[in-house]
Amino acid sequence: MKKLEVELCGIRMKNPLMLAAGVLGISPSLLKRVADAGAGAVVTKSLGVEQREGFSGPVLVDLGYGLLNAMGLPNPGVREFCRELEEFGEIGVPVVASIYGFSVEEYVEAAAYAERYVDAVELNVSCPHVEKVGVQFGQSPELLREVVEAVRSAIRKPVFVKLTPNVTNIAEMAVIAEDAGADAVVAINTVRGLAINPELRRPELSAVFGGLSGPAIKPIALRCVYEIYQRVNIPVVGCGGVSTWRDAVEFLMAGASAVQIGSAVYYRGVSVFSEISRGLAEFLNSSEFSSVEELVGIAHRST
Ligand code: RRO
C-alpha cells in the first residue's frame, strides 16, 4: 500500500482529508463521527468569544450544483465548546478550532483559549455574509496582517488562515498572511452569492446574500490554490467542491498539501471520507507515485 499519510505544520494525519469548518463541527460527538468515518483531521464550526444563535431560517438552500448558506455563525462560544471537548475526550484525529472575532482582540482571546484543547487554530477571516466579522479582515490587507500577527504572537500552536475568494487577488492576501506569520493558508471559504425564489418573489435566504459552496465553486477554488501555491512557501490547504477522489487529486496537484471536505458531507454523508481515501489509495497504487506528498504541486512542473 502506498503512503496516504501527510504532515501539515507538524500535525500528522493518516490521510490528507479534513472535515471543513462549519459542517458537522458544532459538537464533539459529531466530530468523532467524522473521525470514525475516516477523516484525517477535523475542523470545528467557527467559534467566537461569545455564543451566537445565528440567523433565523431559511439559512440554507440546495441549488443542486452547490449549497448557498447564511447560517450566521451559530456556535456555543469557544469556552463552552472547549469544555464539551474536554468532557467528551479523544476525537481520534487532530482537531483544528476555527476561530472568528469582531475585533483583533476577540480573535486573539478566542484563539488563545482554544489552543489548549486543539492541535491548531484556523482563523476565519472570510465569512462572506456576517457584518463586521470575518470577511472585513480577509478583504483588507492591513487588517489581515494585523489579525494574523496578533494571533501568531499570542499562541504557540499552528495558525491556519482561511482566505476568501471574494477579493481581486487572493494570492496577494496569502502572501500577506504568510508574511504576518501564518503557518498555512486554507483556500477557499464560500463565494458570495444570491438566490431568489420566483414564487415567493423574494431572496431564498433570510440574510439575502449567502456563501456558495459545493461542486459549483470547485474550479474557482482550484484556481485559487494554484495561484497561491506559486506565491507562498507555507502549505496550502484546498477547500471548495471536493466530492470525489479525482477532485482531491486535482487539488493536490494544484498545490494543496491537504483538502477539506464540506458540502460533499451534506450531499453524500460521512462515508465520503472513506470513499475518497480509498479512491486516492487506488490511484496511487496504479501510479508511479509512492505517496500523496509526491503529488503536491506537480501540475506546476508540467507547464
Ligand atoms: O456561519 C456562516 O454563515 C458561515 C461562515 Br462563519 C463562513 O465562514 N462561511 C459560510 O459560508 N457560512
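Within the span defined as region 202-211, one or more residues are open to solvent by less than 10 Å² (accessible area, probe 1.4 Å), closer than 17 Å to Gly64 by Cα and not in a loop (DSSP other than H, G, I, E, B). Taking region 183-198, which residues are open to solvent by less than 10 Å² (accessible area, probe 1.4 Å) and part of a strand (DSSP E or B)? Once the filter is applied, which keeps residues that are open to solvent by less than 10 Å² (accessible area, probe 1.4 Å) and part of a strand (DSSP E or B), region 183-198 yields Ala184, Val185, Val186, Ala187. Might you let me know whether region 107-125 holds any residue that is more than 29 Å from Ala37 (Cα to Cα) and buried (at least 21 other Cβ atoms within 10 Å of the Cβ)? Within region 107-125 (the criterion being more than 29 Å from Ala37 (Cα to Cα) and buried (at least 21 other Cβ atoms within 10 Å of the Cβ)), the answer is yes, since at least one residue qualifies. Of the residues making up region 87-106, those that are under 25 Å from Arg33 (Cβ atoms), without any contact (Cβ under 8 Å) to a residue 60 or more places away in the chain and touching a helix residue (DSSP H, G or I) at 6+ places or on another chain (Cβ under 6 Å) are Ala97, Ile99.
Matching residues to (1) open to solvent by less than 70 Å² (accessible area, probe 1.4 Å); (2) closer than 30 Å to Glu5 by Cα; (3) in contact with a Lys or Arg (Cβ under 8 Å, 6 or more places away or on another chain):
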| site | (1), (2), (3) |
| --- | --- |
| Pro76 | yes, no, no |
| Glu87 | no, yes, no |
| Val93 | yes, yes, yes |
| Ser98 | yes, yes, yes |
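Would it be correct to say that Asn189 is modelled with pLDDT under 95 and within 16 Å of the ligand (Cβ to nearest atom)? Spelling it out, it is not the case that Asn189 is modelled with pLDDT under 95 and within 16 Å of the ligand (Cβ to nearest atom).
Kindly establish whether Val159 is away from the ligand (no atom under 15 Å from the Cβ) and buried (at least 24 other Cβ atoms within 10 Å of the Cβ). Yes: the conditions hold for Val159. Among the residues of region 212-230, the ones that are within 29 Å of Gly269 (Cβ to Cβ) and either within 16 Å of the ligand (Cβ to nearest atom) or not in a helix (DSSP H, G or I) (or both) come to 10 in all. Given the condition crowded, with 24+ Cβ neighbours inside 10 Å, touching a residue at least 24 places away in the same chain (Cβ under 8 Å) and among the polar types (S, T, N, Q), answer yes or no: does some residue in region 253-260 qualify? Yes: region 253-260 contains one or more residues that are crowded, with 24+ Cβ neighbours inside 10 Å, touching a residue at least 24 places away in the same chain (Cβ under 8 Å) and among the polar types (S, T, N, Q). If you check Glu84 against the conditions, is it of a type in the set (D, E, K, R), away from the ligand (no atom under 16 Å from the Cβ), touching a Ser or Thr at 6+ places or on another chain (Cβ under 7 Å) and under 27 Å from Ala35 (Cα atoms)? Yes; evaluated as a whole, the condition is true for this residue. The number of residues in region 25-46 that are in a loop (DSSP other than H, G, I, E, B) and crowded, with 22+ Cβ neighbours inside 10 Å comes to 6. Pairs linking a residue in region 272-283 that is without any contact (Cβ under 8 Å) to a residue 40 or more places away in the chain and more than 18 Å from Ala35 (Cβ to Cβ) to a residue that is open to solvent by 20 Å² or more (accessible area, probe 1.4 Å) and in a helix (DSSP H, G or I), with Cβ atoms under 6 Å and 6 or more positions apart or on different chains, are Gly279/Trp245. Going by the conditions given, is Val93 of a type in the set (Val, Ile, Thr), under 22 Å from Met18 (Cβ atoms) and touching a Cys at 6+ places or on another chain (Cβ under 8 Å)? No: the conditions fail for Val93. Taken residue by residue, region 87-99 has no member that is within 16 Å of the ligand (Cβ to nearest atom), of a type in the set (Gly, Ala, Ser) and touching a His at 6+ places or on another chain (Cβ under 7 Å). Residues of region 40-54 that are more than 13 Å from the ligand (Cβ to nearest atom) and in contact (Cβ under 8 Å) with a residue 40 or more places away in the chain: Gly40, Ala41, Val42, Val49.
Considering region 57-79, and only residues there that are without any contact (Cβ under 8 Å) to a residue 60 or more places away in the chain and part of a loop (DSSP other than H, G, I, E, B), the residue that is farthest from the ligand (Cβ to nearest atom) turns out to be Gly64.
The values are calculated or read from the model by the stated rules, or taken from the named source; none is laboratory data. Note that the structure is a prediction, hence the values are computed from the model and not measured. Positions of Cβ are generated from backbone atoms using ideal geometry, with glycine treated the same way; all protein chains shown enter the neighbour counts. Ligands, DNA and RNA are excluded from the accessible area calculation, which covers all protein heavy atoms including side chains. Shrake-Rupley method; radii C 1.70, N 1.55, O 1.52, S 1.80 Å.
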